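Just so it is clear, none of the values below were taken in a lab; they were calculated from the coordinates. Keep in mind that this is a model prediction, so the values were computed, not measured. Backbone-built Cβ (ideal geometry, glycine too); neighbour counts: all protein chains shown.
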Amino acid sequence: MAMFNDENFLLSTPSACKLYHDYAEGLPIIDYHCHLNPQYVAADHQFENLSKIWLEGDHYKWRAMRTNGVDEKFITGRETSDWEKFEKWAETVPYTMRNLYHWTHLELKTAFGVEKLLSPGTASEIYEKCTDMLHQADRSARGLMKHYNVEVVCTTDDPADSLEHHISVAADKTFEVKMLPTWRPDKAMAVENPEAYKQYVDKLSAAAGMTIATYADLLSALQKRHDFFASAGCRLSDHGIEEFYAEDVTPEQASEIFDKVYKEGKCISSGEIAKFKTAMLLAFAEMDHDSGWTQQFHYGAIRDNNTRMFRQLGPDTGFDSIGDFTVAKKMSRFFDILASRDKLAKTIIYNLNPRDNELVATMLGNFQDGRYGAGKIQFGSGWWFLDQKDGMERQMNALSNLGLLSRFVGMLTDSRSFLSYPRHEYFRRTLCNLLGSDIDNGLLPLSEIDFIGREIVAGICYGNAKQYFKF
């Protein structure tokens, strides 16, 4: 009988075990998309206790606790202690069985050597042990990155950000992990809220050191910041969009829309919003191409669904869900516009609705280009609600059936937590089980297991990303 969370966790066949232990286990981590706080890395932040590092900002856990009937004061409330919040999480964990249960116990085991199951009966012991370890130098922010053999981490940063912490870390030759910024210009095209947009453009103006009075000024300021990000080591952009935009729009129309929103403070129509976002996304894409960057598109989320809780807690607090946007034609047209201009950069597409797996997998083949090496257009790993065993398997099955799984750039954490690196291990085990099961079921040749391990498994887990991004 297989045992929970042992050395062969998630590995169901002999070949799966061989692929993981011989070729995937121990490879360095390239975490090319996350939401870590750069200041924590620069300051080598020491976390006060297990609750601080594990529960603050983790909307996966918050959603589970709410579903389990935990009062909000024990989730985000200021009047309750860190221990009280952790105690409620420990009460919830036994009811999270499957994905969150897996993550929880992998993190406890790999970060702290804790193999006991978290429950109300073990909560105090685990909390004290892990908190004591977090006070040690090798469990600081940097210590945990070294512990998990992280080679590169790419944070998510606004064009107006100073990048002071990235610059500080890069100058510290005692720290070998590369922390690079990622350009996330979503606010620069968020014209649906005129008041917030004006505030943002004024902030961008200050960061760029120039007056923004026109649409042309806006593009110039963004280009200045794009160049600044490149000088700080940035190699990727990222765009969080509900859907792709590919409207017919001229520079003159984009300029008129900008004036309406920024200068006059007017609310504009949905059609005008789509036109402006089209113009901006295309401008961003051309900047990325000309700088040799990779562009990432995360699409399909409906955010901040609970208005009452949004007013109380703000964004990114666990009230988002999967959307059902119709995207294929606009996605195709957006990439085709860029390809026709020979301005289509390396691209990674992440869908949030699993119904789009085959859609995305077939879209890739339309725009591959051997001049850029293998896998120019990538199907991103299972994202957000899909970064669990079933979601990962479905993404990889679609890619292997309709594209080349072997050229996939693999997993990322997409997390704010320094304890999320076991998501790479979880992915690697899932990948090895997928391929190993095929070998032992006669669907792939056992005689090729070394090639599969060396070229495909190790490539997906590490080598492909290293070659693709060229950090």
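Data table
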read-out	value
Out of THR362, THR307, sole residue that is touching a residue at least 40 places away in the same chain (Cβ under 8 Å), on the phi < 0 side of the Ramachandran plot and surrounded by fewer than 17 Cβ atoms within 10 Å (Cβ to Cβ)	THR362
Residue that is under 22 Å from TYR60 (Cα atoms) and under 20 Å from the mean Cα position of the chain (by Cα), where the choices are LEU108, LEU163, LEU144	LEU144
Considering residues of region 339-359 that are crowded, with 21+ Cβ neighbours inside 10 Å, among the aliphatic types (A, V, I, L, M) and outside any strand (DSSP E or B) only, the residue nearest to the chain's Cα centre (by Cα)	LEU352
Test for VAL41: is it in a loop (DSSP other than H, G, I, E, B) and among the hydrophobic types (A, V, I, L, M, F, W, C)	no
Residue list for region 192-206, filter: closer than 25 Å to SER291 by Cβ and either surrounded by fewer than 17 Cβ atoms within 10 Å (Cβ to Cβ) or among the β-branched types (Val, Ile, Thr) (or both)	VAL201, LYS203, ALA206
First in region 112-139 and without any contact (Cβ under 8 Å) to a residue 60 or more places away in the chain and more than 16 Å from PHE47 (Cα to Cα), second anywhere and part of a helix (DSSP H, G or I) and of a type in the set (D, E, K, R), Cβ under 6 Å, 6 or more apart	PRO120/GLU91; ALA123/GLU87
Subset of region 129-180 that is touching a His at 6+ places or on another chain (Cβ under 8 Å) and polar (S, T, N, Q) - its residue that is surrounded by the most Cβ atoms within 10 Å (Cβ to Cβ)	THR155
Matching residues in region 440-465 - criterion: being within 16 Å of ASN397 (Cβ to Cβ) and either surrounded by fewer than 18 Cβ atoms within 10 Å (Cβ to Cβ) or over 29 Å from the mean Cα position of the chain (by Cα) (or both)	ASN441, LEU443, LEU444
Considering residues of region 9-58 that are of a type in the set (S, T, N, Q) and closer than 28 Å to ASP238 by Cβ only, the residue surrounded by the fewest Cβ atoms within 10 Å (Cβ to Cβ)	GLN39
Subset tally (residues that are polar (S, T, N, Q) and in contact with a His (Cβ under 7 Å, 6 or more places away or on another chain)) for region 1-38	1
Single residue of HIS289, HIS298 found to be of a type outside the set (Gly, Ala, Ser), closer than 14 Å to ILE348 by Cα and touching a Gly at 6+ places or on another chain (Cβ under 7 Å)	HIS298
Which numbered condition ASP186 misses (of (1) touching a strand residue (DSSP E or B) at 6+ places or on another chain (Cβ under 8 Å); (2) in contact (Cβ under 8 Å) with a residue 60 or more places away in the chain)	(2)
Cβ-Cβ under 6 Å pairs, at least 6 apart or on other chains, region 412-427 side farther than 18 Å from ARG394 by Cα, far side of a type in the set (Val, Ile, Thr) and in a loop (DSSP other than H, G, I, E, B)	SER420/THR413
Helices (runs of 4 or more DSSP H) completely within region 72-173 that count 3 or more residues being over 30 Å from HIS226 (Cβ atoms)	82-92, 99-112, 123-134, 141-147
Within region 41-75, tally of residues that are over 20 Å from the mean Cα position of the chain (by Cα), aromatic (Phe, Trp, Tyr) and closer than 23 Å to MET309 by Cα	1
